[in-house]
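A short write-up of the structure that comes next.
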Amino acid sequence: MNLKNLLCCYVFGVLAVQYQHTLAAQVTVSVEDNEGHLIENAVVTAIPLNVNSFPKPKPKVKKEIVDQIDKEFFPFVKVVQVNTWVNFPNNDDIRHHVYSFSSAKRFELPLYSGTHAEPVLLDSSGVVVLGCNIHDWMIGYIYISETPYFEKTVSNHQTVFKDLPEGEYIMKVWHSNMLVSEESTSKRIKLDAIDNINIEWRLTLKPEFKIPRQWIPARSSLY
Amino acid sequence: MNIKFILKIIGLSLCVSASASAEWYSTVEGKYKYSNNLNNGISNDTVDDSIFALSAVGGKYFQLNDHDKLSIQSQFNGEVYDRFKGMNNLDLGGSLALTRKWALGLYAPWTSLSFGGAYIDYNNQVRSGSKFHVQLSSGKRITERLSVWADLQFDKRFTDYNVIVDQGVSGSVYNLTNKSFKLNTLYLFDSGLFIKSSYQFRQGDVVTTTLKNNANPNIDAVTTAASLDATFGSQAEAYRLTGTTHILNAGVSKVIMPHWLMSVEYQYVMIYGKGNNNYFVSTPALTSSYDF
């Protein structure tokens, strides 16, 4: 192979990569409440219809984090792919006792401070509701996605899937306060190489409810 | 039992509280309330008054293990009466509570054993003295929004004013012993609005003050202690008798800002004293509390 051929191969390679990149379609997602406001902390997933198009990943070496800051879980909603290890560092100067009763993953991290708790492997898809046995108002969610294609919505902004490969997908949305099932939000889409698609969901949410921190002033002996 | 003992309890609380790895809490509360029967009098022998109260509660939790916590608390309370200045008082005390949560999670039942003491200093010294209580409480969150708990309490109050009056009747009207059972509910309408209610059944000593001589002729036969009570006038006399008390409480609280709570409460007290000496008291109150 001479220099000319080598150069041709390089140019062809670069163009191929560029072309491949342009094959990735873009899907813009809006999740609104009944009043038309974009809502945050909704999880949107895109599940390829050909489920063989992505293998179930091996447990990731990289660990995700759900923090505990000022007696709250942070972030409030965390999205990970199935088979992800999650660490629960405690950044408060007091101890927490994290637990989940959810069928997707039942676990308990007995009273600990700092970063001493063992990471938890989230090995089935579903929603994990986190609680702290000491501080009843602490609640958080981990959405364990079966697909690698997921996004979490942020307040007042549309959410964009940038690199979805060409193909057919079922797209679904989940929110901790939605009144319908996640399955009922399913929308089937077909993406061609250069598609730019907008998808909207309008969800009926139950009113936000959180156990207040200061529910009884003289609370020394109460849980 | 005197103020030195109470101060020792508070001192011990503060010393233990100074250690690390625990959680502080403190609340300051201002309350305005009105009582239609301040003296626990029979229907035609009552006085009413408005009261402003300021209290501060501070304490610390020690999470001993996954299920047990120890709470140490100090509290101060002051009351100023609009008309009856003899009722103005300062109350300083402390308490210790050991609480166990019996399982994991939001809905796990819990039980608590607490002990507390306080010294109350009234303008009118006949009421001044120490008080102590032992309380066993247990409760459970029934749903995300509804919690119930019950308190079983034994309390004793010792007056500083120990005088024997005529015919062997004690003058220590404010030496009181009571036991009570209280059922509490709390319902959260939403994260910032909730209602509290309670019913308390109390048995033991009660104190009534007659404002005029012979205002209540039924009282002499059943009284276990008596003394003059200058708070309500030169002819007023305080009597101790045994009785059963029913106390109903209901209140609505609203979170105004993240640490600021406003409450409207109503209390109705029914005292059924020995010898058909019955007293009824209504007390509406407006409370503002700030949680640090």
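Suppose we keep only residues that are free of Cβ contacts under 8 Å to residues at least 40 places away in the same chain and assigned to a strand (DSSP E or B) within region A:129-154. Which one would you say is most open to solvent (accessible area, probe 1.4 Å)?
Per the stated criteria, the residue is A:Val129.
Please find, among A:Pro212, A:Pro217, A:Pro207, the residue that is at pLDDT 85 or above and part of a loop (DSSP other than H, G, I, E, B).
Result: A:Pro207 is the single residue among A:Pro212, A:Pro217, A:Pro207 that is at pLDDT 85 or above and part of a loop (DSSP other than H, G, I, E, B).
For region B:36-72, give me the residue count where each residue is touching an Asp or Glu at 6+ places or on another chain (Cβ under 6 Å) and of a type outside the set (D, E, K, R).
Count: 7.
To keep it simple, each residue is scored yes or no on (1) acidic (Asp, Glu); (2) away from chain B (no Cβ under 14 Å); (3) within 16 Å of the chain's Cα centre (by Cα).
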site	(1), (2), (3)
A:Asn133	no, no, no
A:Glu146	yes, yes, yes
A:Tyr149	no, yes, yes
A:His175	no, yes, yes
A:Leu179	no, yes, no
A:Glu183	yes, yes, no
A:Glu200	yes, yes, no
A:Glu208	yes, no, no
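Taking region B:149-171 as the region of interest, how many residues are of a type in the set (Gly, Ala, Ser) and in contact (Cβ under 8 Å) with a residue 40 or more places away in the chain?
Total meeting the criteria: 2.
Give me the strands (runs of 3 or more DSSP E) completely within region B:172-246, filtered to those with at least 3 residues that are without any contact (Cβ under 8 Å) to a residue 40 or more places away in the chain, ordered by residue number.
In region B:172-246, B:176-190 are the strands (runs of 3 or more DSSP E) which contain 3 or more residues that are without any contact (Cβ under 8 Å) to a residue 40 or more places away in the chain.
Could you identify the single residue in B:Ser114, B:Ser180 that is within 14 Å of another protein chain (Cβ to nearest Cβ) and open to solvent by less than 70 Å² (accessible area, probe 1.4 Å)?
Only one candidate passes the filter, namely B:Ser114.
In region A:183-209, what residues are closer than 18 Å to A:Val77 by Cα and either open to solvent by 40 Å² or more (accessible area, probe 1.4 Å) or small (Gly, Ala, Ser) (or both)?
Within region A:183-209, A:Leu205, A:Lys206, A:Pro207, A:Glu208 qualify.
Over 30 Å from A:Ser102 (Cα atoms) and within 13 Å of chain A (Cβ to nearest Cβ), is that true of B:Gln135?
The answer is yes for B:Gln135.
Within region A:85-100, does at least one residue satisfy the condition of being assigned to a loop (DSSP other than H, G, I, E, B), at positive phi and outside the structural domain of A:Ile47 (by TED's automatic domain parsing)?
Looking through region A:85-100, none of the residues is assigned to a loop (DSSP other than H, G, I, E, B), at positive phi and outside the structural domain of A:Ile47 (by TED's automatic domain parsing).
Just wondering, is there one or more residues in region B:241-260 that are open to solvent by less than 20 Å² (accessible area, probe 1.4 Å) and at pLDDT below 90?
No, because not a single residue in region B:241-260 is open to solvent by less than 20 Å² (accessible area, probe 1.4 Å) and at pLDDT below 90.
Determine whether B:Leu96 is within 14 Å of chain A (Cβ to nearest Cβ) and touching a Leu at 6+ places or on another chain (Cβ under 6 Å).
So B:Leu96 does not fit the description; no.
Can you pull out every residue in region A:83-101 that is more than 14 Å from chain B (Cβ to nearest Cβ) and open to solvent by less than 10 Å² (accessible area, probe 1.4 Å)?
A:Thr84, A:Val86, A:Phe88
Considering only residues of region A:102-128 that are assigned to a loop (DSSP other than H, G, I, E, B) and acidic (Asp, Glu), which is surrounded by the fewest Cβ atoms within 10 Å (Cβ to Cβ)?
Taking the candidates together, the pick is A:Glu118.
Output the residues belonging to region B:56-100 that are farther than 30 Å from B:Ser35 by Cα and not in a strand (DSSP E or B).
Scanning region B:56-100 gives B:Leu64, B:Asn65, B:Asp66, B:His67.
Filter region B:270-292 for residues that are within 14 Å of chain A (Cβ to nearest Cβ) and among the polar types (S, T, N, Q); which is nearest to B:Thr244 (Cα to Cα)?
Checking each candidate, the answer is B:Thr287.
Looking only at region B:90-109, how many residues end up being free of Cβ contacts under 8 Å to residues at least 60 places away in the same chain, open to solvent by less than 10 Å² (accessible area, probe 1.4 Å) and at negative phi?
Total meeting the criteria: 4.
The values are calculated or read from the model by the stated rules, or taken from the named source; none is laboratory data. Note that the structure is predicted; figures quoted are calculated from it, not measured. In this analysis, Cβ positions are derived from the backbone assuming ideal geometry, glycine residues included, and neighbour counts consider all displayed protein chains. Accessible surface is based on the protein model in full, side chains and every heavy atom, while ligands, DNA and RNA are left aside. Shrake-Rupley method; radii C 1.70, N 1.55, O 1.52, S 1.80 Å.
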